[in-house]
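The values are calculated or read from the model by the stated rules, or taken from the named source; none is laboratory data. Small disclaimer: the values here were computed from a predicted structure and weren't measured. Cβ placement follows ideal geometry from the backbone for every residue including glycine, while neighbour counts extend to all protein chains displayed. In case anyone asks, the SASA skips ligands and DNA or RNA and just uses the protein heavy atoms, side chains included. Shrake-Rupley method; radii C 1.70, N 1.55, O 1.52, S 1.80 Å.
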Amino acid sequence: DLEARENMCLAQYFAGLAMNSGALGNVHSLAVALGAVYDLPHGDANGIMLPHVMRKNKSAITEQLAGIASAMGVDTAGMSADAAADKAIDAVAALLDRVGMARTVSELARRCRTEVDTADMGELVAHAAADLCGACNPIPYSPDDYKEIYERTWE
């Protein structure tokens, strides 16, 4: 179906344009490393990382997260921006659950019928830390920060 192929190529092109101008940050950096080391699906890996990176970045993006909570239908009336930010992270996690996304690296690996090993943590951290998208993250991450998120998302 040539028309469908053409439309998919155009969609991929538009996605690339959006990503190129979107300042992706460490959600992408952590997910890219999982794809590089284990060939795990990039979109699923991003979903796993998103709530954890949101929480790690919260101090720098509290107001933006509060706006996300409101945009996601959370009643933030009377809440502090900090509390509303927490609700945004919870709402994103709940959305991932509702659509059936894997919530851990191990769960995604099982779904993909592949093996993952914590012995590869150093390689994953090195890949994530070297990814250029990390430069767009609201706060800088150390190798220990990347490792902490991988450890939280592993099981």
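Key figures
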read-out	value
Criterion: of a type in the set (A, V, I, L, M, F, W, C) and within 14 Å of the chain's Cα centre (by Cα) - qualifying residue of 124, 95, 65	95
Extreme residue, farthest from residue 152 (Cα to Cα), among residues of the stretch 78-92 that are part of a helix (DSSP H, G or I) and over 18 Å from the mean Cα position of the chain (by Cα)	81
Helices (runs of 4 or more DSSP H) lying entirely in the stretch 97-155 (those with 3 or more residues that are under 15 Å from residue 36 (Cα atoms) and open to solvent by 30 Å² or more (accessible area, probe 1.4 Å))	121-130
Selected residue (only one of 67, 16 is assigned to a helix (DSSP H, G or I), open to solvent by less than 50 Å² (accessible area, probe 1.4 Å), more than 20 Å from residue 152 (Cβ to Cβ) and modelled with pLDDT under 95)	16
Residue match in the stretch 24-38 (condition: surrounded by fewer than 21 Cβ atoms within 10 Å (Cβ to Cβ), over 22 Å from residue 152 (Cβ atoms) and out of contact with any Phe, Trp or Tyr (no Cβ under 9 Å at 6 or more places or on another chain))	no
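Yes/no matrix, rows are residues, columns are (1) farther than 14 Å from residue 31 by Cα; (2) touching a residue at least 40 places away in the same chain (Cβ under 8 Å); (3) not aromatic (Phe, Trp, Tyr):
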residue: 86; (1), (2), (3): yes, no, yes
residue: 92; (1), (2), (3): yes, yes, yes
residue: 108; (1), (2), (3): no, yes, yes
residue: 117; (1), (2), (3): yes, no, yes
residue: 127; (1), (2), (3): no, yes, yes
residue: 133; (1), (2), (3): no, yes, yes
residue: 139; (1), (2), (3): yes, yes, yes
residue: 146; (1), (2), (3): no, yes, no
residue: 155; (1), (2), (3): yes, yes, yes
